[in-house]
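Comments concern the structure below.
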Amino acid sequence: MDDLTAFCCQNPDCRDFGRRGHGHLTVCMRYGQQQQHRLLYCKTCKERFSDRKGTPFFDGRLPHDKVLALLHHLAEGCGVRQTARLVGVSKDTVVRYALLAGEHARPLHDELVAFSP
Ligand SMILES: [Zn+2]
């Protein structure tokens, strides 16, 4: 049995979006050279996504001001699509940062805001 408690649904429209260890995820496929990656399936919204997606890390490709704008829009209650459009990034990027903002990024957000002009 795979331990999927660290993963959550990556579909922002899903009512289990961002929820971990809820039992709504199953492994529907393995891939990669050592079968090291899993394709996860959400029973709630029927979406499939890679277990690499949504891993909480900053990839560093997004400029500082974009990260700040993105987090601001999310904090203001903008949806993922709206934020993506306003900031000019992909929906996936917003989702990744949204997940971070929900759990890990609040200190970072506060730090970024503190340094903004
Ligand atoms: Zn889902």
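The values are calculated or read from the model by the stated rules, or taken from the named source; none is laboratory data. Source: prediction; values computed, not measured. Every residue, glycine among them, receives a Cβ derived from its backbone with ideal geometry; neighbour counts consider all protein chains shown. Please note that ligands, DNA and RNA were not included when accessible areas were found on the heavy atoms of the full protein model with its side chains. Shrake-Rupley method; radii C 1.70, N 1.55, O 1.52, S 1.80 Å.
Remarks
- A residue that is open to solvent by 40 Å² or more (accessible area, probe 1.4 Å) and modelled with pLDDT of 80 or more occurs somewhere in segment 56-66.
- Any chance Leu74 is modelled with pLDDT under 75, surrounded by 14 or more Cβ atoms within 10 Å (Cβ to Cβ), assigned to a helix (DSSP H, G or I) and aliphatic (A, V, I, L, M): no
- Residue match in segment 100-108 (condition: open to solvent by 70 Å² or more (accessible area, probe 1.4 Å) and modelled with pLDDT of 75 or more): no
- Restricting attention to segment 12-36 and to residues that are farther than 20 Å from Tyr97 by Cα and open to solvent by less than 40 Å² (accessible area, probe 1.4 Å), the residue that is farthest from the ligand (Cβ to nearest atom) turns out to be Gly32.
- Residue within segment 85-95 that is open to solvent by less than 60 Å² (accessible area, probe 1.4 Å), at pLDDT below 80 and within 13 Å of the chain's Cα centre (by Cα) present: no
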